[in-house]
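Novice: Please see the structure below; I have some questions.
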Amino acid sequence: MSTAAQGPSTTITAESTIPGEHPDPQAVTADVVVIGGGPVGENLAQYAIEGTDLTAVIVERELMGGECSYYACMPSKALLRPIDVAHTAAHLDGLTTPRIEPAGLLARRDAWVSGYDDAGQVSWAEGAGIRVVRGHAVLTGERELRVGPGEGPAADADAVTVRARRRVVIATGSVPRTPEAFTGLEPWTSRDATGVVEVPASLAIVGGGVVAVEAATWMAALGSEVTVIVRGEGLLGAEEPFAGVHVREALEAAGVTVLTGTTVASARRERAEATGLGRVHGGEVTLELSGRGTAGEARTLTAAEVLVATGRRPRLDDVGLDALGLTPQDVTSGGLPSWLAAVGDASGEAPLTHWGKYRARVLGAAIRAEALREQDQPDGADGVDGSDGEEPVPEAVPVPQVVFTDPQVARVGLTERAAREAGHEVVTAQVPFTGAAGTALLRDDAAGTAQIVVDAATRTLLGATLVGPEAGELIHAATVAIVGRVPVALLRHAVPSYPAASEIWLRLLEELPREYRVR
């Protein structure tokens, strides 16, 4: 397969090398066509064809590997891990505190995003038998789309037709939501924050979610004077309240100013310029603030740059849904024809890479099983539940998430509030994160909280939240317990090693009423 130019201004390649197809420079046909080459699309294509003679095409307009690999998960964690290690060393007696070296930190980020070169991802796809077509895809009919180098490939003379025999899957990810107040001001998005090249002397971050608190962590470590502006009453509003409290205390200890209950009434900027990824986009930004965080009085905040982190929405506006009489709401509500599906952020489900990949694996395996059943091939595929003919997919699979702040916030399943709102009668157990010897040993003055939410009727775990050092490495035990519907009385017999951090689970179980701990 020939390669095309990398990055946002990619060019189309259309040579047809799929087995069983006659070469046609203007058409490509495969069993499965995936729009979007991020981790979700890659997993879908891989699971749909593995071990079969089925074929798959991925159409990608930017970089194979998607948002996660170059602008989100990987670069942010590449920046945050050294900071976390430095903070850990600073809180352990007997060590000299390491110094954050900005140039080295950014170089580490560059290495983890492969210098924004996706050759390795393309090579993986080719090795897995997946065809990569470069360009912008627009649906033009049933199982058919046009792919071209611009935003309007259906009318582009250089566009090619791509057809699917079985399924077209939309895996286009999501795009930032930008409030109207920032229109024309060229604010930073999460891409600029992870791709930072010029560290602004001061940075205003609008939003209080995951992107906001993680970016505040690394930008402060890089030397920027950071102010976080939160409309709600606390950080990480979807989590247990104590999570936001711990993160706020840590950010403020790192020199970050946090304004809650505060809104941006207006914003202005002189010389707004699209200067490039991670560079300051023009002159100073002036924000007019109001709300409880400003004591009810109007306040002006000036910063060298502003990062808008107010959420994301599925990227569905430019994929040609209207040509099929469909709307973005049809996609997110599941109202699609049988030959068309959506997965990952584009589906409207939890916008998390690992969740999208899981759903892609299930859907990909279902497509494979369906095809093998129709071909009457022995594979045990007597259903299309995504299990590849083996055990069925569990009815309820919880969504895990880790926020890589200091301390980390890790949650899976329902918070206490969400569980009660869903109609569950619940019992909770809460302990200090340092309530076990193993977790206390992680840092000499560690702070944090651990809590589990238990269904009073089934006495199984509904959710768990851990806030503390390395919390992300501990949460998977709760995920396994929820998926397996393991009664908490039985979990007590899963013996943690001493003095490992996993002993925190024993402490939580011991805090439950005795009748929950015995069978």
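The values are calculated or read from the model by the stated rules, or taken from the named source; none is laboratory data. Keep in mind that this is a model prediction, so the values were computed, not measured. Cβ placement follows ideal geometry from the backbone for every residue including glycine, while neighbour counts extend to all protein chains displayed. For accessibility, only protein heavy atoms count, side chains too; no ligands or nucleic acids. Shrake-Rupley method; radii C 1.70, N 1.55, O 1.52, S 1.80 Å.
Novice: Quick one: how many residues across region 408-443 are open to solvent by less than 10 Å² (accessible area, probe 1.4 Å) and over 28 Å from the mean Cα position of the chain (by Cα)?
Specialist: Number satisfying all stated conditions: 4.
Table: residues versus (1) touching a Leu at 6+ places or on another chain (Cβ under 9 Å); (2) not in a strand (DSSP E or B).
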residue	(1), (2)
THR227	yes, no
LEU236	no, yes
ALA243	yes, yes
GLU249	no, yes
VAL258	yes, no
ALA267	yes, no
ALA272	yes, yes
LEU289	yes, no
GLU297	no, yes
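Novice: GLY282 is checked against (1) open to solvent by less than 40 Å² (accessible area, probe 1.4 Å); (2) at negative phi; (3) in a loop (DSSP other than H, G, I, E, B) and fails just one. What number does that condition carry?
Specialist: Here GLY282 clears every test but (2).
Novice: Evaluate the following for PRO398: is it at pLDDT 95 or above, part of a loop (DSSP other than H, G, I, E, B) and not hydroxyl-bearing (Ser, Thr, Tyr)?
Specialist: Yes: the conditions hold for PRO398.
Novice: Here is a list: ASP345, ASP376, ASP330, ASP322. Which entry is assigned to a loop (DSSP other than H, G, I, E, B) and open to solvent by 30 Å² or more (accessible area, probe 1.4 Å)?
Specialist: Matching residue, one of ASP345, ASP376, ASP330, ASP322: ASP376.
Novice: If you don't mind, another one. What number of residues within region 225-253 satisfy the criterion of being in contact (Cβ under 8 Å) with a residue 60 or more places away in the chain, touching a Ser or Thr at 6+ places or on another chain (Cβ under 8 Å) and open to solvent by less than 20 Å² (accessible area, probe 1.4 Å)?
Specialist: Number satisfying all stated conditions: 7.
Novice: Looking at region 40-50, can you tell me whether even one residue there is over 14 Å from VAL343 (Cα atoms) and assigned to a loop (DSSP other than H, G, I, E, B)?
Specialist: Looking for residues that are over 14 Å from VAL343 (Cα atoms) and assigned to a loop (DSSP other than H, G, I, E, B), one finds at least one in region 40-50, hence yes.
Novice: Out of the residues in region 265-279 that are under 26 Å from the mean Cα position of the chain (by Cα) and over 14 Å from LEU203 (Cβ atoms), which is most open to solvent (accessible area, probe 1.4 Å)?
Specialist: Among them, the one singled out is ALA274.
Novice: Quick one: which helices (runs of 4 or more DSSP H) lie wholly within region 470-519 and hold at least 3 residues that are at pLDDT 95 or above and crowded, with 18+ Cβ neighbours inside 10 Å?
Specialist: The helices (runs of 4 or more DSSP H) meeting that bar are 476-483, 504-510.
Novice: Within region 308-360, count every residue that is among the aromatic types (Phe, Trp, Tyr) and either modelled with pLDDT under 95 or more than 17 Å from the chain's Cα centre (by Cα) (or both).
Specialist: 1
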